[in-house]
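Let me begin by presenting the structure, written as structure tokens, before commenting on it.
All of the numbers you see were taken from the coordinates with simple rules; none came from a lab. Source: prediction; values computed, not measured. Positions of Cβ are generated from backbone atoms using ideal geometry, with glycine treated the same way; all protein chains shown enter the neighbour counts.
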Number of protein chains: 2
Amino acid sequence: MEKWMGGDMHPSYRILMGPGPSNVHYRVYQAMSNPVIGYLDPQILACMDEISEMLRGIFQTKNQVTLAISATGSSGMEASFVNFVEPGDVVVIGVNGFFAERMTQVASRCGAQVIRVDQDWGKMIEPEKMVKALKEHPEAKICGVVHGETSTGVRQPLEEIGANCKKGSTLLVVDAVTTLGGYDVKVDEWGVDVCYGSSQKCLSVPPGLSPITVSPKAMDVLRSRKTKVQSFYLDLLLLEKYWGEERVYHHTAPVSMFYALREGLRIVFEEGLGARFRRHEVLGDRLKMELEGFGFKPFAQDGYRLPMLTSVTIPDWADDAKIRSRLLNEYNIEVGGGLGRLKGKIWRVGLMGETCKLRYIHCLTGALKEILS
Amino acid sequence: MEKWMGGDMHPSYRILMGPGPSNVHYRVYQAMSNPVIGYLDPQILACMDEISEMLRGIFQTKNQVTLAISATGSSGMEASFVNFVEPGDVVVIGVNGFFAERMTQVASRCGAQVIRVDQDWGKMIEPEKMVKALKEHPEAKICGVVHGETSTGVRQPLEEIGANCKKGSTLLVVDAVTTLGGYDVKVDEWGVDVCYGSSQKCLSVPPGLSPITVSPKAMDVLRSRKTKVQSFYLDLLLLEKYWGEERVYHHTAPVSMFYALREGLRIVFEEGLGARFRRHEVLGDRLKMELEGFGFKPFAQDGYRLPMLTSVTIPDWADDAKIRSRLLNEYNIEVGGGLGRLKGKIWRVGLMGETCKLRYIHCLTGALKEILS
């Protein structure tokens, strides 16, 4: 293949109402068109400092080690376990969905002995059940929970679990991939030690980065490891040296994605966190009401439904694949299907960041009316 | 911080003549502005197929498993060891620079028993020395070498080493981060089993992706592992299922970077591989001649100098930091300093992909004339 004959690519302009990515603000695309510069250029280092500062605002933390990992949200999960688990360590994980299940796999691959606290998919894990497991396993090095379970649309309350972890040596690791930037994530107040998110959901930046914040307590655990972190790429001690004052080269930073994240974060703060959370809440409620009007039943437990990801069971008379495919191909609307054991059983309708607008709810209800009539 | 007060970011338009990233074609920036779509959207799956096909062309391979890892070039190195090494495995590594040294660290962190074949930084490793080590360690699972050592500017010949690995069970892992897209990388002909590159050097795409290709022999080794790959994010068995026909969700793909890579690869094939390699060779020679005219002495061994990365020792009378800082701040030209033990001793001047043009050599020599006069 000396010459490549493929033509220009013109992807359709989708309304992204799936589990993420969400739609991206035009200013973020513009920022990505800024010229690439070197990984130790004073201008990129200043950009990284600003990203850290804004991420601290969104995570609501004072943690010095707050940065963006140069890979997608799944790498944030991996970094949260590979840095802290040494072979044989006990890890307690609350399992009520696909991503919580994945946490158990990631932790196991690091050599952890995983204690599961199981709950039905679609329900939150009663905090007292988690606290009980932690009391039974005071030696646990990590307690892992998913704040917003993308596979079920469930929000997990964290206050009690955090208060319990604060008292002992167990580190609380929280997956905020779906909630970060769209819901209150109070890292310091709740006592979360490691919290990671993603660029492409409520922050409305293209996928490719995983913001993460690490408490001093967790950094102490990391520094007192007996073995080296297996992953060189995700080693937080090395990343800290690059993002911190030392500026030691670790890897070639994904500069264009940093530009994108910086601009996406600015847009978040222009709106203000409170206003942003209210927008997600109000429009999430509106979407749930509209979908119920079509005969879709809420799937997630009442009182613990995520605003930015609405899960609904598909009525018997509706053809999952056919309707979603018509939505995509005829109306350019992406709606998420069920993941794992929920495939074919539920829809996951996202209203994240830029996509969280009344106009898109109107687009979806308009299209559904036509398709179902 | 409810409101963020930072202003717009306007990075300078640098001429990137360092060790990478290189300058990016305007069509690649345009491609990144294409609207983001979902990670299982038929349009992104088609884009991924095209990326695989073009990467096979550049790696000069028929390997089915040829894809881009969703992280920077360093993750390609990590993927090449974490997938194949199980604790206690013997790995032979040729060590003649910073990135080869890093290979030994990455392999050790995976639990490998590393056999080093050391050589002075700045020299290639005599193939017969590598072959000798491989004959002494027929049980070696992996033989690792760096094709283009970014820290020294040395090109490593691979024919003999590859011919030897082909005969036995040892897998040949090659780092082509610097050479891929700018130099002949003959994966199948040379008998390379795992070869990884980066988006941001001779491919002239922003940093953030690591192209990788894996031979059937290496996939067999992977499938017969006794333990699971520790990294979930870099597990090639899972990535194969997402990039291959099964299309099983693994992680949210960095869609905008895929657009960028697809366009960057198209530009490579429009020029043609042969023409591209010749351009790098001719202009690399020209740059070396110009720098010698200024009193800089070539650092890398004669006959094994990389075209796309020229290393030169700094004359005693020249102030490394001061000149490079003036080049950056007054002339917007980035030139790389020495890495690791070569800090302050050499310069690394890149001519990669889009930056590999006569006009930029003129810019650099013009600026140097003014600064040194």
Please check chain A for the longest run free of chymotrypsin sites (Phe, Trp or Tyr not before Pro) that are loop-located per DSSP (anything but H, G, I, E, B) and have at most 12 other Cβ atoms within 10 Å.
A:14-316
Beyond 46 Å, what share of the Cα-Cα pairs of the protein assembly as shown is found? Please give it as a whole percent.
19
Can you pull out the trypsin sites (Lys or Arg not before Pro) in region B:51-102 whose DSSP state is coil and whose Cβ has at most 15 other Cβ atoms within 10 Å?
B:Lys62
At 7 Å out from Cα toward Cβ: A:Asp285 inter-copy label distances (nm, ascending)
7.4
Which one of B:Leu209, B:Leu171, B:Leu327 has the biggest mean-square fluctuation once chain B is modelled by GNM with Cα springs under 10 Å?
B:Leu327
Cα-based reach from A:Lys123 at 15 Å (exclusive), listing aspartates and glutamates while leaving out same-chain residues under 8 positions away
A:Glu101, A:Glu149, A:Asp302
Among B:Gly340, B:Gly97, B:Gly76, residue whose mean-square fluctuation peaks in a GNM of chain B (springs only between Cα atoms under 10 Å):
B:Gly340
Averaged over every viewing direction, what's the projected area of the C-alpha convex hull for chain B? Give it in nm², one decimal, please.
20.0
Roughly how crowded by other chains is peptide A:201-210, in terms of the mean Cβ count from those chains within 10 Å of each of its Cβ atoms?
4
Just which residue of chain A brings its Cβ nearest the axis of rotation onto chain B, and by how many angstrom, rounded whole?
A:Ala71, 2
Give the span of region B:300-341's Cα atoms along each principal axis, as three whole-Å numbers ordered largest to smallest.
34, 23, 19
Report, for B:Lys343, each distance to the same residue's label point in the other copies, shortest first and in nm; define the point 7 Å along Cα→Cβ.
5.1
For region B:218-291, what ratio Rg/Rh do Cα atoms give with a Kirkwood hydrodynamic radius?
1.20
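Indicate, rounded to the nearest 5 percent, the antiparallel portion of the DSSP beta bridges found entirely in chain A.
Details: 20 of 41 bridges.
Of the beta bridges lying entirely in chain A, close to 50 percent run antiparallel.
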One decimal, nm, shortest first: give the distances between the label point of A:Glu160 and those of the same position in the other copies, each label point 7 Å from Cα along Cα→Cβ.
7.0
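Mean separation of Cα pairs under 8 Å and 6+ residues apart, divided by the residue count of chain B: what relative contact order is that in percent?
Details: 747 pairs, mean separation 90.6, N = 373.
This gives 24 percent for chain B.
What is the fewest-to-most order of A:Cys363, B:Cys165 by other Cβ atoms lying within 10 Å of their Cβ?
Numbers: A:Cys363 17, B:Cys165 26.
So the residues, fewest neighbours to most, are A:Cys363, B:Cys165.
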Provide, in order from the shortest bin, the percent of all Cα-Cα pairs of region A:8-107 in each 5 Å bin, continuing until the bin that contains the maximum pair distance.
2, 8, 11, 16, 18, 17, 13, 9, 4, 1, 0
CD proxy at 222 nm, helix term only [per DSSP H run n ≥ 4: -39500 (n - 2.57); per residue of chain A; nearest 500]
-12500 deg cm²/dmol
Cα-based reach from B:Lys288 at 16 Å (exclusive), listing lysines while leaving out same-chain residues under 8 positions away
B:Lys297, B:Lys357, B:Lys369
Would you mind checking the pairs A:Lys129/A:Lys345; A:Lys322/A:Lys345; A:Lys241/B:Lys201; A:Lys141/A:Lys217 and listing those with alpha carbons more than 22 angstrom apart?
A:Lys129/A:Lys345; A:Lys241/B:Lys201
For region A:161-216: rounded, prolate or oblate by the Cα gyration tensor [a/c cutoff 1.5]:
prolate
